[in-house]
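FYI, it's all coordinate maths here, none of it is from the lab. Fair warning: this is a prediction, and the values are worked out from it, not measured in the lab. Here the Cβ positions follow ideal geometry from the backbone for every residue, glycine too, while neighbour counts run over all protein chains shown.
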Amino acid sequence: MGWRVKLEIRWAITVFFAAAIVFAVTSLVLLDSGSDSNTIAADSSDFNNSPTEIAAATTTSIQVSTEQDSISTQLLASPSTVLPEPESTTTLAETTTTTAPDKFATFTPNEFRDLFDPSTLPNLQPIDSPQAITGNSEADTHIRSLAEARGYSLRPIPVDSLGSVNNLKLQPRALIAWQDMSAAAEAQGVDLRLISGLRLPEAQKNLFLTQLNRVTTNYSQIPSGQYDSQIQEILNTSAIPGYSKHHTGYAIDIASDSNDLKDFINTNGYDWISANNFENAKEYGFIPSYPEGADSQGPLPEAWEYVWVGQDALLN
């Protein structure tokens, strides 16, 4: 053989062995890849995520999406459809409370003064003519003019008999209200005691004259005005006969801890009855008869005197 033939044979043998080596290496790589795939599949099965389950989850997602699209289509086709209100997610901290309105109205001193209207109360009749005071007509006219100028007015008297408690008479409604109010106070440890109820004009005349006679018994000098300042002092605390709210049987004088009327303002009884614009008095239909701050009401303020007007007149 020539040298050219020998060279070609050697080259063919070399190519053959090279191809065999490449084939063997490729086979080994493919075998390793298959082994890795099996390992991954085995590891995944440990978490129960089989291909079947993944397929099922995918199907469910598609179904939900389809249902939502269907609902959207229906709503667009029916514009009048109303979506259901979402459930409230308001927390306790976000809730608000509404305060109930006050049961009773709040009154100024002058409004308290004007609330007592005997014409609206039962079992009363007007006095036909003013009660004599001194028996001297000119002196009596002068005294009345002084009293009326400061706010005193003629009061009616009861028609029929009244109720009685501890020998003190009151109109039946005022009597029941007083008993209920004093019992409520007692239940809260507060002492309230009734000092005065009905006082008719004749009894009022005796009270007024007792004080006037300390000033003068010469009544003929009264019209001149020389005793006006002294008479005004008496009118600070005492009505003239016919002009007292006690004539009606709806007025009461009350004390606490003792029988001292003037000390009532300094007691727990006054604190209890006057709190919150006299709410405890209003609860039983009473109001202050001569409150602090009122204009032209007759006497000076009297913390111890109250009049019954009925709860209905005091409600909001």
**OP:** Going by C-beta contacts inside 10 Å, put Lys282, Lys103 in order with the fewest on the left.
**Re:** Lys103, Lys282
Original post:
With +1 on each Lys and Arg Cβ and -1 on each Asp and Glu Cβ, how big is the dipole of segment 110-256 about its Cα centre, in debye rounded to the nearest 20?
Top reply: 200 debye
Original post:
Once label points are set 7 Å from the Cα along Cα→Cβ at both Ile265 and Leu315, what is their separation, rounded to one decimal in nm?
Top reply: 3.4 nm
Original post:
Taking θ as phi - 60°, what are the ³J(HN,Hα) couplings along segment 215-230 by the Karplus curve (6.51, -1.76, 1.60), each to the nearest whole Hz, with x for Gly and Pro?
Top reply: 8, 6, 10, 8, 5, 5, 8, 5, x, 5, x, 5, 10, 4, 5, 5
Original post:
If the chain between Glu279 and Asn206 were fully stretched, how many nm would it gain, using 0.36 nm times the residue separation less the Cα-Cα distance?
Top reply: 22.8 nm
Original post:
So what is the relative contact order of segment 109-314, in percent, for Cα pairs below 8 Å that sit 6 or more residues apart?
Top reply: 29 percent
Original post:
Which net charge results for the neighbourhood of Gly285, defined as the other residues with beta-carbon distances under 14 angstrom from its beta-carbon, given Lys and Arg at +1 and Asp and Glu at -1?
Top reply: -2
Subject >> Dipole of segment 109-314, positive end: most advanced residue of Leu261, Leu192, Pro126 [Cβ charges, Cα centre] >> reply: Pro126
Original post:
What are the trypsin sites (Lys or Arg not before Pro) within segment 175-262 that DSSP puts in a loop, where the Cβ has at most 10 other Cβ atoms within 10 Å?
Top reply: Arg214
Subject >> Cα gyration tensor shape for segment 109-314, rounded if a/c is under 1.5, else prolate or oblate >> reply: prolate
